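Nothing in this text is a laboratory measurement; each read-out follows from the coordinates by a stated rule. Quick caveat, the model's predicted, so the values are computed rather than measured. In this analysis, Cβ positions are derived from the backbone assuming ideal geometry, glycine residues included, and neighbour counts consider all displayed protein chains.
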Amino acid sequence: MKAAYLLPVAALVTLAACGTAGGSAAPVVTVTATEPAPAVTVTESASPAVSVEDETPTTSARKPVVAEKKTLPDVVGMNLQAAQDRLQAAGFYLLDDKDATGRGRFQVFDRNWVVTRQKPAAGRKVSTDTLIVLYAKKYGE
């Protein structure tokens, strides 16, 4: 395998030496050849053990995680940061916030914004993986 790498290197050194004219000394060329690291492929096969008697898997199958339903807290009137904190404490992590004025501004500093509306409405029992949208405007608007 190393010979395959050394052949092009030897040709390169020979070509560099041929390029001199008028008897001047050829420049010294140092070439280092290294072999590439071997590729490693890791595969995982999931083949559950099967009982010969009933031909059913003997390993436990993964059950899908079902989000629980909780009552959505009322965060209207709170500053945006406090509202997000309260919703996360209640188990709701899929949150989005929008400019309530319709100007499409981003809420960079959440503490300067007050929540004017939330969707879905507070008090409803919803799944914790439901998207909660908070509409907010800057204080004083």
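From the phi of every residue in the stretch 84-91, what ³J(HN,Hα) in whole Hz does the Karplus formula 6.51 cos²θ - 1.76 cosθ + 1.60 yield, where θ is phi - 60° and glycine or proline is x?
Once θ is set to phi - 60°, the couplings for the stretch 84-91 become 5, 4, 5, 5, 5, 5, 7, x Hz.
Taking amide H atoms as placed 1.01 Å from N in the peptide plane, list the residues 5 or more away in sequence, or in a different chain, whose amide H sits under 5 Å from that of Lys98.
Leu134, Tyr135, Ala136
Give the residues of the stretch 60-76 whose amide nitrogen is closer than 11 Å to a point set 7 Å from the Cα of Arg86 in the direction of its Cβ.
73-76
Give me the net charge for the shell around Lys69: Cβ to Cβ below 13 angstrom, other residues only, Lys and Arg +1, Asp and Glu -1.
Combined, the nearby Lys, Arg, Asp and Glu give +1.
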